[in-house]
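The numbers here are math on the coordinates, done by the rules we state, and not lab data. Not measured: the values here are computed from a predicted model. Reconstructed Cβ throughout: ideal geometry from the backbone, glycine too, with neighbour counts over all protein chains shown.
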Amino acid sequence: MKMIKILSIISLSISIFSCTKENKNENDVDVQVMEHAHKDMSAGNALNVEVVNELDPICGMTTADYLKDTADYKGKTYGFCNTMCKEKFLENPEQYINE
Ligand SMILES: [Zn+2]
């Protein structure tokens, strides 16, 4: 009997958690930021630009699927999954280029 009660509390908190994640809550800014970030990284919005790197050098995501921003460095175009990765790259490009 006690076990059943515990299980129902667990499943209740799980469903509350998934509701918070999926439903828009105007009071919860974090949720909207998360949704926005997720949108930025979705494969459907990838840029159609040729880049020299197959993987985002910052986070390792495939640029073919997640290309959102590019940076030109020494005549080559490098692709990134988002602007944050690009800015990180531009802080110290040599660190990320293995040639
Ligand atoms: Zn990235």
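Observations on the structure shown:
- Three-way shape call for the stretch 50-99 based on the alpha-carbon gyration tensor, with the a/c threshold at 1.5: rounded
- LEU47 versus ASP72: modelled label distance in nm, points set 7 Å from Cα along the beta carbon direction: 1.2
- With both labels modelled 7 Å from their Cα along Cα-to-Cβ, the LEU12 to ASN92 distance reads 5.1 nm.
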